[in-house]
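**Q** The following block contains the structure, expressed as structure tokens.
The values are calculated or read from the model by the stated rules, or taken from the named source; none is laboratory data. Quantities reported herein were computed from a predicted structural model and do not represent experimental measurements. No Cβ is skipped: glycine too gets one built from the backbone with ideal geometry, and neighbour counts run over all protein chains shown. With ligands, DNA and RNA removed, areas are computed over all heavy atoms of the protein, side chains included. Shrake-Rupley method; radii C 1.70, N 1.55, O 1.52, S 1.80 Å.
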Amino acid sequence: NVAMGLEYVQNEWPLYRQILATTCEEHRHDAERIHELVQRGELTEAAKMTHTLKSVLGTIGATPAQGLAVQLEKALKGPESKPDPEQAELLATAFAKAFATVISSAMTVLRHGKQGTDQDVSSHNPS
């Protein structure tokens, strides 16, 4: 939700654009890496990366993907510090797909400039 992301940065389009660009450049493959870490059983490292992306997603207004990140982080840490690897695997797969959509949507918004702010960076499905 671009409007939500812009609200977070007090409607400063250049700052929001910079955050989107940084997200695309620096975090583009992070969800895939998280999935790989989960598959290898490196749940602590996967939880750290998930926590970072959860914050980034909130900043840009990608709330559905952020919600998946919250669920994934909980599965990775588990209640009483007992992770749930099976649930983490399922959520990591779903999160990787959702995050890929966020990146695609963010790139669309970046290409179209401020007039593209009617795009929803959390659920845009490019044709």
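**Q** Report the FRET efficiency, 1/(1 + (r/R0)^6), for THR44 and ALA100, where r is their Cβ-Cβ distance and R0 is 22 Å, rounded to 0.05.
**A** Once rounded, the FRET efficiency stands at 0.35.
**Q** Based on the mean of other Cβ atoms within 10 Å per residue, sort peptides 103-113, 44-54, 18-28 so the most packed one is first. Could the numbers behind the result be given before it?
**A** Numbers: 103-113: 17.0, 44-54: 18.9, 18-28: 15.4.
Those peptides, ordered most packed to least, come out 44-54, 103-113, 18-28.
**Q** Could you state, as a whole-number percent, how many of the C-alpha pairs of the chain are farther apart than 17 Å? Intermediate values should be presented prior to the final figure.
**A** Working: 4198 of 8001 pairs.
Counting pairs separated by more than 17 Å, the tail of P(r) holds 52 percent.
**Q** With just the Cα atoms of the stretch 1-48, tell me how far they stretch along each of the three principal axes, in Å, largest first.
**A** Result, largest extent first: 41, 17, 15 Å.
**Q** Separate question: Using a 1.4 Å probe on the protein chains only, how many percent of the accessible area of the chain belongs to carbon and sulfur? Before the final figure, lay out each step's value.
**A** Numbers: 3460 of 6980 Å².
Its accessible area is 50 percent carbon and sulfur atoms.
**Q** Report the FRET efficiency, 1/(1 + (r/R0)^6), for GLU26 and GLN71, where r is their Cβ-Cβ distance and R0 is 25 Å, rounded to 0.05.
**A** Details: r = 23 Å, r/R0 = 0.93.
The formula returns an efficiency of 0.60 here.
**Q** Oh, and also: Using 17 Å as the cut-off for backbone N distance, which residues of the stretch 92-108 belong to the label zone defined by a point 7 Å from the Cα of THR52 along Cα→Cβ?
**A** In the stretch 92-108, the label zone of THR52 (backbone N under 17 Å from the point 7 Å along Cα→Cβ) covers 96, 99-100, 103.
**Q** Using a 7 Å offset from the Cα along the Cα-to-Cβ direction at both LEU15 and THR108, what is the distance between the two label points in nm, to one decimal?
**A** 2.6 nm
**Q** Please report the relative contact order for the chain, taking Cα pairs under 8 Å with a sequence separation of at least 6, and give it as a percent rounded to a whole number. Mind dumping the intermediate values first?
**A** Details: 178 pairs, mean separation 39.8, N = 127.
Computed value for the chain: 31 percent relative contact order.
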